[in-house]
Amino acid sequence: TKRQSSAAGLHSGLEAAESCVDRMNAEEAAQAAKLQAAQLQQEAASAEQAAETAKRQAASFDLERANAALAAESASLQAAERDLERQNAEEAAAAARLRAAQCDLERQSAE
């Protein structure tokens, strides 16, 4: 009858509306998942960039430490060189005194 036909039409329309709502909910969930994936990808890229910056800073600190060690070694070598020069000067002075004493002896022997 007409009433049954109308009820069947309403039921069919209601099912179609529910299906449409379900589809819209699924699309919305998919869009939210895409957005979340993009945000996670951006966070991962930021973390990777931070890690790369940390690596560069660590390398820079290593280089500074190596330069400081080289400067300390250079200063130590310069100090050793100055000490050697001082010893050489002392030896030269002692040799000059010895030669002067020999000259005095030779002069005294000649007199």
Problem set entry | Rg to Rh, two decimals, where the chain supplies the alpha carbon set and Rh follows Kirkwood | 1.96
Exercise. Under a point spin-label approximation (7 Å from Cα along Cα-to-Cβ), what is the residue 74-residue 31 distance to one decimal in nm?
Worked result: 6.5
For this session: Taking the Cα centre of the chain as origin, work out the dipole magnitude from +1 charges on Lys and Arg Cβ and -1 charges on Asp and Glu Cβ, in debye rounded to 20.
Result: 700
Seminar exercise, completed: Calculated from DSSP helices alone, with each H run of at least 4 adding -39500 (n - 2.57) and the total divided by the residues of the chain, [θ]222 nm to the nearest 500 comes to -38000 deg cm²/dmol
Problem set entry | Apportionment of accessible area to carbon and sulfur, the chain, percent (1.4 Å) | 57
Problem set entry | Residue-normalised accessible area of the chain, given per residue in Å² at a 1.4 Å probe | 87
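The values are calculated or read from the model by the stated rules, or taken from the named source; none is laboratory data. What you see is a predicted model, and the numbers here were worked out from it, not measured in a lab. Virtual Cβ from ideal backbone geometry, glycine too; neighbours counted across all protein chains shown. Ligands, DNA and RNA are stripped out before the accessible areas are found, and what is left, the full protein with its side chains, is counted by its heavy atoms. Shrake-Rupley method; radii C 1.70, N 1.55, O 1.52, S 1.80 Å.
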